[in-house]
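To keep things clear, I will list the structure first and then write my remarks on it.
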Amino acid sequence: MADAKVIPFDDDRSRSGGTSRPARRRTGAGGPGGGRGDGSAAPVSALPGAQVPEPPVAAEQVVREPSGDAVDAEGSTGGGWERRIAGGLAFLRRRVTGDYDVDEFGYDKELTDQVLMSALRPLADKYFRVEVKGIENIPSDGGALIVANHSGTLPLDGLMLQVAVHDNHPAERHLRLLAADLVFHLPVVNELARKAGHTLACAEDAQRLLEMGEIVGVMPEGFKGIGKPFGERYKLQRFGRGGFVSTALRAGAPIVPCSIVGAEEIYPMIGNAKTLARLLGFPYFPITPTFPWLGPLGALPLPTKWTIQFGEPIPTDGYPPEAAEDPMLMFNLTDQVREQIQHTLYKLLVQRRSVFF
């Protein structure tokens, strides 16, 4: 019988598809078991006409990315870019044809995830290097009201808070922010805010969102907090009349205090051009060390290091329905939330090494 043709496991020519004839191996004349003369086992020969299995690929030759694409040692992927391009084209087609959903408040989840979050994420991760603590205090399902301090001259803290909740929560929950009237009077900003899930800061909208099981964010300081001078940084302003507490009580949703450190220093406000602000219809017109002196370049925020910490939730479902009308209860809960946020701010300020690191 003629010697059978075998494909050795260390022969690369079988993988490259070459037509060169594989080398033959001769069996040794060693012991009775057909072994080699040197004591090693003789190579196993395939039967004529039998299919020889392909040699196994070493584990280090192929790496699987989370997406499932095969990646070789050089890092090239198979089909990953094609799927991304196809997904992008499908997204554009849905945008053009209007084949997408928005809720009753104008929230566009697909646009928020695919575009708005992708645009804000580098600012949060690379520029401000936001560190998130206590994310486990936000429930995995059901409604909750996040109450945070407000600062920074421009409301970037609300946007960074939105990214922090979505990207760090295990359930990737979306934060629905309550915004001031001015936001919805500005062109372009109005549409983007609606698409991102923001809604007017009124009790009716907030209660409706909480009853729908959404995470709602509110910053009770309002313009008093965001427009305060640099010398009063991290000193909480008045929290209004406690309307957010009444809303949480009516919906039976827990209140999650939130403290943000780092936003106060992005635009150090050293002055306020009140006359110009009145002419433009703004609550204030900031003057900083770089704006308006450096023109558009002065509008670039300083790359401070941010920390966002979510405190332990304050439950409200144990109160009777008429508790929402009790002014003393609302005052006590509002003061409790405010004191918890202020205490955490002081604690984080003591712990941080530098404004920028």
Counting only residues that are under 16 Å from residue 223 (Cβ atoms) and out of contact with any Leu (no Cβ under 9 Å at 6 or more places or on another chain), the stretch 277-286 contains a total of 4
Are there any pairs, at least 6 apart or on different chains, whose C-beta atoms fall under 7 Å, with the first in the stretch 102-117 and closer than 14 Å to residue 198 by Cα and the second crowded, with 18+ Cβ neighbours inside 10 Å and of a type in the set (Ser, Thr, Tyr), and if so, which?
-> 105/199
Close pairs (7 angstrom Cβ cut-off, 6 or more residues apart or separate chains): within 18 Å of residue 339 (Cα to Cα) and at pLDDT 95 or above in the stretch 132-148, part of a strand (DSSP E or B) and open to solvent by 30 Å² or more (accessible area, probe 1.4 Å) anywhere = 134/309
Is there a residue being among the β-branched types (Val, Ile, Thr), more than 14 Å from residue 245 (Cα to Cα) and open to solvent by 40 Å² or more (accessible area, probe 1.4 Å) anywhere in the stretch 334-353?
-> yes
In the stretch 292-302, how many are modelled with pLDDT of 95 or more and open to solvent by 50 Å² or more (accessible area, probe 1.4 Å)?
-> 2
Please give the helices (runs of 4 or more DSSP H) falling wholly within the stretch 162-234 in which 2 or more residues are under 24 Å from residue 111 (Cβ atoms), at pLDDT below 95 and under 23 Å from the mean Cα position of the chain (by Cα).
-> 189-195
Residue 308: under 20 Å from residue 155 (Cβ atoms), exposed (fewer than 15 other Cβ atoms within 10 Å of the Cβ), in contact with a helix residue (DSSP H, G or I) (Cβ under 9 Å, 6 or more places away or on another chain) and aliphatic (A, V, I, L, M), yes or no?
-> no
Would you pick out the residues in the stretch 109-152 that are open to solvent by 30 Å² or more (accessible area, probe 1.4 Å), in a loop (DSSP other than H, G, I, E, B) and closer than 15 Å to residue 215 by Cα?
-> 139, 140, 141, 142
Take the residues in the stretch 167-195 that are closer than 18 Å to residue 210 by Cβ and not charged (D, E, K, R), then tell me which one is most open to solvent (accessible area, probe 1.4 Å).
-> 171
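Yes/no matrix, rows are residues, columns are (1) not acidic (Asp, Glu); (2) not in a helix (DSSP H, G or I):
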| position | (1), (2) |
| --- | --- |
| 298 | yes, no |
| 308 | yes, yes |
| 331 | yes, no |
| 335 | no, no |
| 348 | yes, no |
Filtered residues of the stretch 211-264 (kept if buried (at least 21 other Cβ atoms within 10 Å of the Cβ), within 23 Å of residue 127 (Cα to Cα) and among the charged types (D, E, K, R)) = 264
Give me a count of the residues in the stretch 239-295 that are in a strand (DSSP E or B) and within 30 Å of the chain's Cα centre (by Cα).
-> 8
Take the residues in the stretch 265-277 that are farther than 25 Å from residue 350 by Cβ and of a type outside the set (A, V, I, L, M, F, W, C), then tell me which one is least open to solvent (accessible area, probe 1.4 Å).
-> 271
Determine, yes or no, whether residue 156 is in contact with a strand residue (DSSP E or B) (Cβ under 6 Å, 6 or more places away or on another chain) and either buried (at least 18 other Cβ atoms within 10 Å of the Cβ) or acidic (Asp, Glu) (or both).
-> no
Is at least one residue of the stretch 311-323 open to solvent by less than 70 Å² (accessible area, probe 1.4 Å), among the hydrophobic types (A, V, I, L, M, F, W, C) and closer than 21 Å to residue 241 by Cβ?
-> yes
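The values are calculated or read from the model by the stated rules, or taken from the named source; none is laboratory data. On a predicted model such as this, the values are computed, not experimentally measured, just so you know. In this analysis, Cβ positions are derived from the backbone assuming ideal geometry, glycine residues included, and neighbour counts consider all displayed protein chains. Areas reflect the complete protein model, heavy atoms only, side chains present, ligands, DNA and RNA absent. Shrake-Rupley method; radii C 1.70, N 1.55, O 1.52, S 1.80 Å.
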